1. In square nanometres and to one decimal, what's the mean projected area of the convex hull around the Cα atoms of the stretch 37-225?
2. When the Debye formula is applied to the Cα atoms of the stretch 160-244, each taken as the same point scatterer, what base-10 log of I(q)/I(0) results at q = 0.14, 0.19 Å⁻¹?
3. Could you order the peptides 468-475, 45-52 from most to least packed, using the average number of other C-beta atoms within 10 Å per residue?
4. What does the convex hull of the alpha-carbon atoms of the stretch 129-179 project to on average, in nm²?
5. Distances over 19 Å make up what percent of all Cα-Cα pairs in the stretch 396-464?
6. Working from the alpha-carbon coordinates of the stretch 74-136, get Rg over Rh, Rh being the Kirkwood radius.
7. Could you grab the Rg to Rh ratio for the stretch 341-479? Cα atoms only, Kirkwood for Rh.
8. For the pair residue 112/residue 193, report the inter-label distance in nm, with labels modelled 7 Å from Cα in the Cβ direction.
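Nothing in this text is a laboratory measurement; each read-out follows from the coordinates by a stated rule. Every value quoted in this text rests on a predicted model; they were computed, and no experiment measured them. Virtual Cβ from ideal backbone geometry, glycine too; neighbours counted across all protein chains shown.
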């Protein structure tokens, strides 16, 4: 058990570092574009395009990328090559369908999102999903092949390609259409690289394919596809409503506030990816009870690492938005200070637990419940508080949805129960330490000194980190995350030893 857990920590560390670099590249793209594009409407139109693809790509992926985690451990030799070929073909066909929809529906989408510039951009951008949807299978395939470093490098290349494809043309003062054209061309290069990586994992294997593979993948992915349609709609519902009601300029302001925090995304996404692969291995081998200790360790480590971001940003949200996006987008500060409170929910990568058991159909029910909760919260809080109310509605809805999902797993799929489902004591203690450290860092404002904004922010961050580190030491939470873990893990054997 210990060696397997150490191997997972090593994989999560590698992927986490990659995720951090990916998020920095993505955030850097928006930061630079907010400064160099001529007006808020142009910036908002680019943000609309990015968010639109993020939404539709998850729907049109129809659960196929997740199927690689479940099926690759269950196939051998040439069957794996056949399965990968099938998955790539299906994703390519789905990309073609999405491309046709974006091209023909450009005018309608522009009206829904209240963006006059969007239709022209969409007709050029329509080619993008043909290249990029097949690349979604890379992560699960390379992780199964025990190649997390290759996963990191590929995902980083995609983000750098996005940065280069959008920022460089913007700096050269190209038009928005020319910027999108360059970005699509870069996507074509990423597509070729993805195909090379995917099929390198089955090099030398014959292609063995059976119709039953298609039926099995379809039966597994169909519930995930419907679940994704509902869940993703709920996830981006706030942004759709903001765009529809307030236009692209306000949408850009709101998008800044909902930008992913790199350290949080680094930890949560890496943990989810690694846990999904490991849980599938263990449940396929009948080791269902071995999942919970790994889950608890992962949640504690994630909390210690991610709650730090919450503790600091909840108290320094306005300063963060002004430093990143300039005072032109100062309104983003209030929204951001609310939105960061969703961070504790993000560590609950519960979908990994469901998928590892092959329980994809309950995700549909949970997603339906989730979207009803999301709509109710958005409408209620949005009417009361406007843009800030939208952010508050999202936070409340995410907590309620997480509670419903965890209850389903703890009492319907298993008999674990709420008490044993999560390491409640460690999670609560980590949150308390983070909030206390944030409050301590804010005391800088009581000093009678006229600090320059950047200096004040930097000093606040240093004071927060010092207070947070002391808090972790006093509560002994620091033992869950040791700086030397990653280096030691590289010398550990990779074979699994079960308890």
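1. Details: hull surface 44.0 nm².
For the Cα atoms of the stretch 37-225, the hull's average projected area reads 11.0 nm².
2. Scattering profile of the stretch 160-244, log10 relative to I(0): -0.92, -1.01.
3. On the way: 468-475: 16.8, 45-52: 23.6.
So the peptides 468-475, 45-52, ranked by packing, come out 45-52, 468-475.
4. Numbers: hull surface 15.7 nm².
So the mean shadow area of the Cα hull is 3.9 nm².
5. On the way: 1341 of 2346 pairs.
Cα-Cα pairs of the stretch 396-464 separated by over 19 Å account for 57 percent.
6. Working: Rg = 16.0 Å, Rh = 13.1 Å.
Rounded to two decimals, Rg/Rh equals 1.22.
7. Working: Rg = 19.6 Å, Rh = 18.0 Å.
Ratio of gyration radius to Kirkwood radius for the stretch 341-479: 1.09.
8. 3.1 nm
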